[in-house]
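See below for the structure under consideration.
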């Protein structure tokens, strides 16, 4: 994204205020010129996500980009099963970031160790994060609907590519999360699925809000970058939102 912005006709210094996972989309705060100095402040801002999790299978990356590393039954899972688990994962919780993450060790992101198959020195990755809101929706479990169905998991093998399995035929549920900085949504739902006795991974993830900026309201797409007037208009609007956000933060 920053490379696309840097490639515009009018040259600006460009940076971003927080990464998105390769499979994710949504709000990515981009700083231009002197605005880059404020980007570190957005790393600590509250975020909101929506997405979808698949039941019964986990991957080494905890998302759809990875390889299957665990297959477990999920026929017993109901919507209430998940709802009953949510309080344990709301408020301040501890997480262990995944190996496929940008968390750095000895100056190198963990995903570099993982991709190259390097041994990771022992260190405590556990961290405390805050989950302010956690909701699920669109629950689906075909094995509850038709007890004659043989588990779809029998069609899935360890080391299969997640993108190659019939995900639409598996149990799944959607979600909305509001959280603090440093929260790994992939890990949150991996842990929830493990807590209820099965496995799970994310098939989609969208950041719908970061700080004061909301998807669709304050954002532009890569295609929009071709429209200079629209870009300038959004920059002006977002600058006002930025100033108001930090004025309110200072008052708090």
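Laboratory data are not the source of any read-out in this text; all were calculated from the coordinates shown. Keep in mind that what you see is a predicted model, and the values were worked out from it rather than measured. Every residue, glycine among them, receives a Cβ derived from its backbone with ideal geometry; neighbour counts consider all protein chains shown.
If R0 is 35 Å, the Cβ-Cβ spacing of residue 180 and residue 138 corresponds to a FRET efficiency of close to 0.90. Each of 220, 158 has some number of other Cβ atoms within 10 Å of its Cβ, and from fewest to most they run 158, 220.
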